[in-house]
1. What aspartates and glutamates sit close enough to LYS45 to cross-link, taking a C-alpha to C-alpha distance under 17 Å and skipping anything fewer than 8 places away on the same chain?
2. Within region 49-66, whose backbone N sits under 20 Å from a point 7 Å along Cα→Cβ of VAL74?
3. Across every pair of different alpha-carbon atoms, what Kirkwood hydrodynamic radius in Å does region 22-90 reach?
4. Among the aspartates and glutamates, select those whose C-alpha is under 16 Å from the C-alpha of LYS77, and discard any that sit fewer than 8 residues away in the same chain.
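Just so it is clear, none of the values below were taken in a lab; they were calculated from the coordinates. These figures come from a predicted structure and were not determined experimentally. Cβ: placed from backbone, ideal geometry, glycine included. Neighbour counts: every protein chain shown.
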Amino acid sequence: MGKSCILIDKTCGKKGTGFFLIAGLSVVKETQDHLEILLEDIRGKFDLVLEGHDTLRQEIQDTREELGEKIKLVGFKVDTIIMKIDGWCTGRSNP
């Protein structure tokens, strides 16, 4: 790495393009390697977020289905109790 970097302002014949050349290819390569490492790290974290999202979505769906079944059972029990109470109030006996 022992090279010093010189930042040279070049417009490549076009006024105001702001194109910069950096002397010292090792710096460019190091920067590229660093960016690739950062992008790979971000990709890994993004994949973890997606995986967690899928897991949570499935758990919510499972809970929703379980809750729906419990609500149906409670509704059936309430209807059964209402029928028994109606039978007692009218003097009829239900089995």
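1. By straight Cα distance, LYS45 reaches GLU36, ASP54.
2. Under 20 Å, as judged by backbone N against the label point of VAL74, lie 60-66 of region 49-66.
3. Averaging 1/r across every pair of different Cα atoms and inverting gives 17.6 Å.
4. GLU69, ASP86
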